[in-house]
Structure formats: C-alpha cells, structure tokens
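The values are calculated or read from the model by the stated rules, or taken from the named source; none is laboratory data. The shown structure was predicted, so the numbers you read here are calculated from the model rather than taken from an experiment. Here the Cβ positions follow ideal geometry from the backbone for every residue, glycine too, while neighbour counts run over all protein chains shown.
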Amino acid sequence: MKRRSENTRPKAKKGIDWLPIGFSLLLLILWQVGVVINDVPEFILPSPVKVIEELIGSWQILMEHTLITVAEALLGLSASILLGAALGLAMGYFRTFRRMVYPLFVITQTVPLFVLAPLFILWFGFGILPKIVVVFMVCFFPIAVTFAQGLIRSDSGMDDLLKVMGATRWKIFRITRIPQALPYFFSGLKIAATYGIVGAVLAEWVGAQKGLGVFMTRAMKSFRTGALFADVLIVVLLSLILYKSVEWAERIVCKDMSNGGNIT
Amino acid sequence: MEQILAENVIKYYTVAPENGKKLNERLLVLSGVSFKVERNEFVSILGPSGCGKSTLLRLLAGLDRDYEGSIHVDGTDLKEKRVPVCYMLQKDYLMPWRTLMENVLLPAEIEGADLKKEAELIRPMLKEFGLEEFENYRPHALSGGMRQRAALLRTYRMRGDIMLLDEPFGALDEITRIQMQDWLLDVWERYRKTVLFVTHNIDEAVFLSDRVLVMSPRPGRIVKDIRIDFPRPRSRDMLLSSQFLGYKGEILSSLE
C-alpha cells in the first residue's frame with residue numbers, strides 16, 4: 001500500500017543558509033568602515049578587526065577564564081536538567097504538588113538575580129558553588145515548567161485505552177505521557193541552554209576570582225572596550241554551541257516523535 | 001445465557017455551568033438502555049452522532065461506573081468489578097515512537113506477560129492481518145488501512161472475549177473502509193469473539209451484524225432491535241438485494 005502523502009513533509013534544506021551569514025557580514029563591514037571613517041576611539045566603540053586582535057592577543061588569559069565559566073554553566077545546567085526533570089515529573093503527576101509549588105517557582109523567577117547572586121556568595125562562599133546555584137535558578141524553571149506542561153497535556157482516548165488494558169496511572173505515565181512530553185522537555189531545555197552561560201557570567205560579576213564575568217568587569221574598569229567585546233564574543237559563541245548541542249540531542253531522542261504521530 | 005445484559009441504564013453527564021449560572025447542569029445522555037448480547041454475536045449499535053453510543057461503550061469497558069441501572073458481563077456486575085474487554089477507538093492510538101510489533105505488544109506489556117512468547121504468538125497473526133514484513137516499521141510509514149489493522153490486532157491481543165469497537169473505520173475513506181469490513185468479518189469468523197460495533201453508517205451495520213440496535217437521538221435509548229438474517233460468510237452481493245434495502249428502510253424509518 002502507498003505511504004500516506006501527508007508524511008512527505010518538506011525537509012529542511014541541507015547545507016548552510018547563506019542569507020543570515022551574508023547579512024551579518026555586511027553589518028560587520030559597515031561597522032568597520034563606520035569606525036574607521038569617523039575615527040571613533042577604541043574605548044567608545046572598537047572596530048571588529050580590533051576585537052579580533054584583542055581576542056588573539058588575550059587568548060591565553062581569556063581561555064583560563066572561559067574554562068571556569070563553562071564549568072559553572074555546565075554544572076548548573078546539569079543540576080537543572082536532573083532536578084528540573086524531577087520537579088516537572090512531580091508537577092505533572094501530582095496535581096496537589098503542582099498547585100503547591102508552581103506559584104513559588106514563578107516567584108523565584110521574579111526576584112532580581114542581582115539581589116540573589118550576592119546572597120548566594122554569603123551563603124555558599126566565594127567558590128564556584130554560588131555561581132552554579134545562580135545558573136540553576138535561571139535554568140531549572142523553563143525545564144520543569146515545559147516538561148510538566150507536556151505531561152499534563154494528554155489525549156483522554158489514549159489514557160482510556162491503556163486503562164482498559166489494565167494500566168495503572170504510573171504505567172500510563174511511563175508508557176505514553178513521558179515519551180509524549182519529551183519534545184516539551186527539550187523546548188524548555190533549549191531556553192535553559194541559552195541562559196546557562198549568561199547566568200554564570202552574571203554571577204561572576206558580583207564577585208569571583210576567575211571567569212568571563214570577572215574579565216569583563218576588569219576590561220570595563222580599565223576602558224579596554226576591545227577586550228570587553230572579545231569576551232562577549234566568546235559568551236555568544238559558547239551559548240550558540242550549547243544551544244546547538246541541545247538541538248542535536250533533541251533530534252536524536254525525538255526523531256520518531258513528531259512525524260505522522262496519531263497521538264497528539 | 002447471554003454474555004452482556006444491560007438493564008435500564010441511565011447516564012447523566014455533569015456539564016460545567018455557563019456564565020451566570022451557579023449550579024452544574026445535568027445532561028441526560030442515556031435514558032433507560034436495555035439490551036442483551038449472546039456469546040459470539042456480532043451486534044452493531046447504530047445511531048445519530050451524540051446519541052450516547054460511545055458513552056454506552058465506555059460504560060461497558062468499565063471506564064465509568066457512575067450510572068443508574070445495571071450492566072452484567074458474564075454474570076459480573078460492572079459496578080462491582082472490572083471485566084477485561086478488548087476496546088478500540090476511531091483513532092488508532094499507535095505510538096509513533098514504537099514499531100508496529102512494539103505497539104501490538106502493548107497489552108501484554110501492561111499485564112506484565114512474557115513479551116518474547118507474546119511476540120511468537122503475534123508473528124503468525126501479522127500475516128492474517130496483512131501486516132507481514134512490517135513488524136519493525138513505525139506507524140508513520142504505514143497506510144491508514146494498515147494502521148487500523150495494526151490497532152485491531154492490538155485490540156485482539158487484549159485480554160477478554162468481548163470486542164468493543166467504537167467507530168473503528170470512521171476515519172477511513174470509503175474504499176478502504178469496505179476492504180476493512182470484508183477483512184474484519186474474515187478475521188472474526190476465524191477468531192470468534194463477541195463484537196459490539198458502534199457506527200453511524202447504516203450499510204456497514206447491516207453488512208457486518210447479526211443484530212442492529214438502533215438508538216434514538218440524545219437522550220439515547222434503543223428504539224429498534226433488528227435481526228439481520230443473511231447467511232455467513234457474507235458477500236458484497238447482499239448489498240444489492242431487496243432484503244438488504246428492506247433492512248435499510250426499517251432502520252431509516254426508526255431513526256426518524
């Protein structure tokens with residue numbers, strides 16, 4: 001028999017999409033030309049070429065700081081994944097628990113991090129632990145909330161069918177709800193991944209010995225705007241790498257989830 | 001003795017109040033449904049949409065015990081104890097992340113049965129269900145008819161010898177639907193189970209069934225119990241006979 005035509009969905013084009021790259025390059029060129037023509041001093045706005053020079057010049061020291069920030073971000077993100085998934089599962093499974101903690105979770109997201117970060121230093125010392133906690137505070141929320149949302153959303157027909165087969169509530173969760181909620185989990189994780197590095201940097205701003213945030217404050221205080229931009233460039237690249245890794249993991253885990261499914 | 005005995009079943013749904021009203025409204029869905037089904041009988045329940053056919057099947061499946069009157073299956077009161085049945089809905093509910101075999105193994109998996117043994121039992125059946133060689137395919141690679149057959153095979157592997165089929169071919173195109181009907185009768189004659197088949201397609205009901213129970217619009221009750229006296233195995237020719245048209249006319253007039 002024929003394959004259903006609705007399954008021949010358009011595939012994403014292979015290869016690189018040159019339009020955004022070309023456009024970004026154009027902006028960079030305009031930036032370079034603008035800075036050179038108007039003779040803008042470096043401490044106000046460094047040219048892209050100057051930023052690259054700084055990046056290469058301070059490579060050694062930048063990498064030392066990067067290592068710390070990456071460690072903080074990855075540890076914080078890992079904790080968020082483990083605890084966020086557990087909390088999301090508990091929220092999806094126990095209605096009472098959801099009603100109890102959900103408002104609290106929202107409140108944790110409304111307290112300014114600039115207040116929390118110094119408090120965490122008071123509580124957890126000057127090491128990397130308070131930074132990990134800051135990353136966790138930012139990242140667990142989207143993971144827990146989206147996962148819970150995916151678990152709650154269900155087709156009553158599917159549940160009925162499994163109930164008639166004699167499935168308990170936990171079995172229904174294990175067999176259909178959790179797999180169905182995985183795409184939701186990953187969309188939360190993608191949001192979390194973009195916050196991870198920035199969260200660590202922000203925590204370092206408040207007080208740390210090493211990290212891209214520390215380098216940033218030093219570069220700013222000494223008006224080395226070029227070095228500051230180089231630092232930011234690394235933050236951007238790291239965040240992109242993290243995001244892309246999650247996307248890649250999602251593609252592997254969820255490859256059979258979305259196409260032609262008759263469940264959602 | 002009859003296998004299913006429903007006596008004066010009354011079912012209300014509680015509807016959330018609309019703006020302004022404070023009390024929940026009670027909506028009468030089934031108003032005194034009584035019928036019997038013999039062992040190995042093929043009975044269709046026919047009625048307009050919203051008449052409570054699916055609700056009736058949900059009660060028989062033991063999914064809802066909040067009703068008045070009584071339903072007995074093999075002498076067991078459904079309000080007291082769940083009786084295992086086979087149940088199938090219009091949507092196939094195949095899990096897209098599982099292969100065909102893994103989907104069909106689901107009832108055994110939930111019961112905690114030996115999956116290897118079950119797979120050995122399923123394999124020869126795949127051929128009869130026209131699914132040979134597709135054991136390791138995922139549902140999205142199968143046609144609509146194949147998916148429905150896979151769902152039916154899974155239904156067959158559920159414990160219980162009553163099949164509750166809730167418009168199983170409702171989402172299929174006419175040609176596939178006809179093929180599926182022929183094939184369902186074929187399989188049924190081989191594996192005999194009691195079938196309760198919900199549909200709103202008159203031809204389908206008459207063609208497949210030993211008896212057709214016609215339901216009134218909501219609140220649903222059974223207005224006609226028609227015995228279909230065609231010999232089995234059935235053939236498509238009967239659709240053109242005057243006897244068939246007679247049954248059809250009888251059903252149509254009872255639906256008015």
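Quick notes
- Among the residues of the range A:136-166, just one is part of a helix (DSSP H, G or I), of a type in the set (S, T, N, Q) and within 14 Å of chain B (Cβ to nearest Cβ), namely A:SER156.
- Selected residue [part of a helix (DSSP H, G or I), under 29 Å from A:TYR195 (Cα atoms) and modelled with pLDDT under 95] from A:ILE68, A:ILE21, A:ILE44, A:ILE16: A:ILE21
- Selection from the range A:58-73 of residues that are surrounded by 12 or more Cβ atoms within 10 Å (Cβ to Cβ) and either of a type in the set (S, T, N, Q) or within 14 Å of A:ILE128 (Cα to Cα) (or both): A:SER58, A:HIS65, A:THR66, A:LEU67, A:ILE68, A:THR69, A:VAL70, A:ALA71, A:GLU72, A:ALA73
- The listed residues are B:VAL206, B:VAL223, and the only one of them that is assigned by TED's automatic domain parsing to the domain that holds B:TYR12, part of a strand (DSSP E or B) and modelled with pLDDT of 90 or more turns out to be B:VAL223.
- Test: B:LEU165 is aliphatic (A, V, I, L, M), part of a loop (DSSP other than H, G, I, E, B), touching a residue at least 24 places away in the same chain (Cβ under 8 Å) and within 14 Å of chain A (Cβ to nearest Cβ): no
- Unique residue being assigned to a strand (DSSP E or B) and farther than 20 Å from B:PRO217 by Cβ when the list is B:LEU5, B:LEU23, B:LEU27, B:LEU94: B:LEU5
- In the range B:105-122, the residues that are within 15 Å of B:TYR87 (Cβ to Cβ) and aliphatic (A, V, I, L, M): B:LEU106, B:ILE110
- Test result for B:VAL104, surrounded by 14 or more Cβ atoms within 10 Å (Cβ to Cβ) and not assigned by TED's automatic domain parsing to the domain that holds B:GLY145: no
- Inside the range B:224-250, residues that are over 25 Å from B:VAL187 (Cβ atoms) and touching a strand residue (DSSP E or B) at 6+ places or on another chain (Cβ under 8 Å) make up a count of 3.
Yes/no matrix, rows are residues, columns are (1) part of a strand (DSSP E or B); (2) more than 14 Å from chain A (Cβ to nearest Cβ); (3) surrounded by fewer than 22 Cβ atoms within 10 Å (Cβ to Cβ); (4) hydroxyl-bearing (Ser, Thr, Tyr):
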site	(1), (2), (3), (4)
B:ILE45	yes, yes, no, no
B:ARG58	no, no, yes, no
B:ASP64	no, no, yes, no
B:GLY69	yes, yes, yes, no
B:HIS72	yes, yes, yes, no
B:LYS81	no, no, yes, no
B:TYR87	yes, no, no, yes
B:ARG98	no, no, yes, no
B:ILE110	no, no, yes, no
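- Listed by first and then second residue, the pairs with beta-carbon distance under 6 Å, at least 6 apart or on different chains, first residue in the range B:35-60 and assigned by TED's automatic domain parsing to the domain that holds B:ASP210, second of a type in the set (Phe, Trp, Tyr) and assigned to a loop (DSSP other than H, G, I, E, B), are B:LEU59/B:TYR67.
- Filtered residues of the range B:168-195 (kept if aliphatic (A, V, I, L, M), in contact (Cβ under 8 Å) with a residue 40 or more places away in the chain and within 14 Å of chain A (Cβ to nearest Cβ)): B:ALA171
- Apart from one condition, B:ASP114 fits all of (1) more than 13 Å from every other protein chain (Cβ to nearest Cβ); (2) surrounded by 15 or more Cβ atoms within 10 Å (Cβ to Cβ); (3) among the acidic types (Asp, Glu); the exception is (2).
- Residue in the range B:118-139 that is closer than 20 Å to A:THR168 by Cβ and more than 10 Å from chain A (Cβ to nearest Cβ) present: yes
- Qualifying residue in the range B:7-21 (condition: touching a His at 6+ places or on another chain (Cβ under 7 Å) and over 28 Å from B:VAL187 (Cβ atoms)): no
- Pairing residues of the range B:196-217 that are on the phi < 0 side of the Ramachandran plot with residues that are of a type outside the set (Asp, Glu) and assigned to a loop (DSSP other than H, G, I, E, B), at Cβ distances under 6 Å and at least 6 apart in sequence or on separate chains, gives B:VAL206/B:ILE228; B:SER209/B:ILE228; B:MET215/B:GLY47; B:MET215/B:CYS51; B:PRO217/B:PRO48; B:PRO217/B:CYS51.
- Of all residues in the range B:143-157, none satisfies being away from chain A (no Cβ under 14 Å) and among the polar types (S, T, N, Q).
- Test: residue in the range A:184-199 that is free of Cβ contacts under 8 Å to residues at least 12 places away in the same chain and of a type outside the set (Phe, Trp, Tyr): no
- If you go through the range A:173-228 and pick out every residue that is among the aromatic types (Phe, Trp, Tyr), more than 22 Å from A:LEU113 (Cα to Cα) and under 21 Å from the mean Cα position of the chain (by Cα), you end up with 3.
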